[in-house]
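Asks: First the structure, then my questions, so here it is.
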Amino acid sequence: MEKKACTFFGHRDSPETIKPKIRAAVIDLIENHGVTMFYVGNQGNFDRLVRSVLKEVTTAYPGVGYAVVLAYMPSAKKSADDFSDTLLPDGIEKVPKRFAISWRNKWMIEHADYVVTYVTRLFGGAAQFSALAKSKGKIIYDIK
């Protein structure tokens with residue numbers, strides 16, 4: 001069986017109230033669509049909510065994993081943070097810092113079959129990358 005993956009795009013100021021919708025989408029993707037790998041960024045509250053859901057949910061599903069995909073090498077001052085669930089994509093070290101988040105987001109789209117989105121406005125990165133994922137034929141789960 002082909003391994004399936006999912007990534008996420010949402011606003012950095014997403015409300016805590018969407019966490020149950022994120023959890024429901026993740027469980028549905030695992031149980032009904034065979035998703036075994038999840039990729040999430042680390043730029044704002046939406047990503048933080050997704051990461052916390054993935055930490056909780058993947059412990060109940062052996063064989064299902066996730067990675068927080070970094071856009072930059074972690075700085076020395078953040079060395080106390082836990083990076084055990086992170087991934088730095090090959091090639092990103094050659095990308096100028098101002099393009100790194102965009103490059104990372106495109107990498108996540110290329111490596112995903114499904115994209116869970118929380119987009120409530122038509123501007124900004126979440127809207128831009130949700131539209132890109134849709135144009136590339138990815139299956140979109142909008143959790144508005």
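Asks: Kindly check whether there is at least one residue in segment 97-109 that is in contact with a Lys or Arg (Cβ under 7 Å, 6 or more places away or on another chain) and surrounded by 13 or more Cβ atoms within 10 Å (Cβ to Cβ).
Replies: Looking for residues that are in contact with a Lys or Arg (Cβ under 7 Å, 6 or more places away or on another chain) and surrounded by 13 or more Cβ atoms within 10 Å (Cβ to Cβ), one finds at least one in segment 97-109, hence yes.
Asks: Could you say which residue among T117, T59, T86 is surrounded by 13 or more Cβ atoms within 10 Å (Cβ to Cβ) and either touching a Gly at 6+ places or on another chain (Cβ under 7 Å) or free of Cβ contacts under 8 Å to residues at least 12 places away in the same chain (or both)?
Replies: Result: T117 is the single residue among T117, T59, T86 that is surrounded by 13 or more Cβ atoms within 10 Å (Cβ to Cβ) and either touching a Gly at 6+ places or on another chain (Cβ under 7 Å) or free of Cβ contacts under 8 Å to residues at least 12 places away in the same chain (or both).
Asks: Still on this model: Under the condition of being more than 16 Å from I143 (Cα to Cα) and over 11 Å from the mean Cα position of the chain (by Cα), which residue from segment 1-11 is surrounded by the most Cβ atoms within 10 Å (Cβ to Cβ)?
Replies: For segment 1-11, the residue satisfying everything is K4.
Asks: Regarding L122, is this residue free of Cβ contacts under 8 Å to residues at least 12 places away in the same chain, hydrophobic (A, V, I, L, M, F, W, C) and either within 29 Å of T17 (Cβ to Cβ) or surrounded by fewer than 17 Cβ atoms within 10 Å (Cβ to Cβ) (or both)?
Replies: The answer is yes for L122.
Asks: Under 19 Å from R23 (Cβ atoms), touching a residue at least 60 places away in the same chain (Cβ under 8 Å) and either outside any loop (DSSP other than H, G, I, E, B) or over 17 Å from the mean Cα position of the chain (by Cα) (or both): is that true of V68 in this structure?
Replies: So V68 fails the test.
Asks: Next up: Considering (1) part of a helix (DSSP H, G or I); (2) closer than 20 Å to T17 by Cβ, say which one V116 fails and leave the rest.
Replies: (1)
Asks: Follow-up. Quick one: is L132 of a type in the set (A, V, I, L, M, F, W, C), part of a loop (DSSP other than H, G, I, E, B) and either at pLDDT below 95 or closer than 23 Å to S14 by Cα (or both)?
Replies: no
Asks: Give the residues of segment 26-56 that are in a helix (DSSP H, G or I), in contact with a helix residue (DSSP H, G or I) (Cβ under 9 Å, 6 or more places away or on another chain) and crowded, with 18+ Cβ neighbours inside 10 Å, sorted by residue number.
Replies: Hits for segment 26-56 are V26, I30, F46, L49, V50, V53, L54.
Asks: As an exercise: evaluate S14 against (1) farther than 16 Å from N105 by Cα; (2) surrounded by fewer than 21 Cβ atoms within 10 Å (Cβ to Cβ); (3) of a type in the set (S, T, N, Q) and give the number of the one condition it does not meet.
Replies: (2)
The values are calculated or read from the model by the stated rules, or taken from the named source; none is laboratory data. Quick caveat: nothing in here was measured; it's all calculated off a predicted structure. Neighbour counts are summed over all protein chains in view; Cβ atoms, including those assigned to glycine, are modelled from backbone coordinates with ideal geometry.
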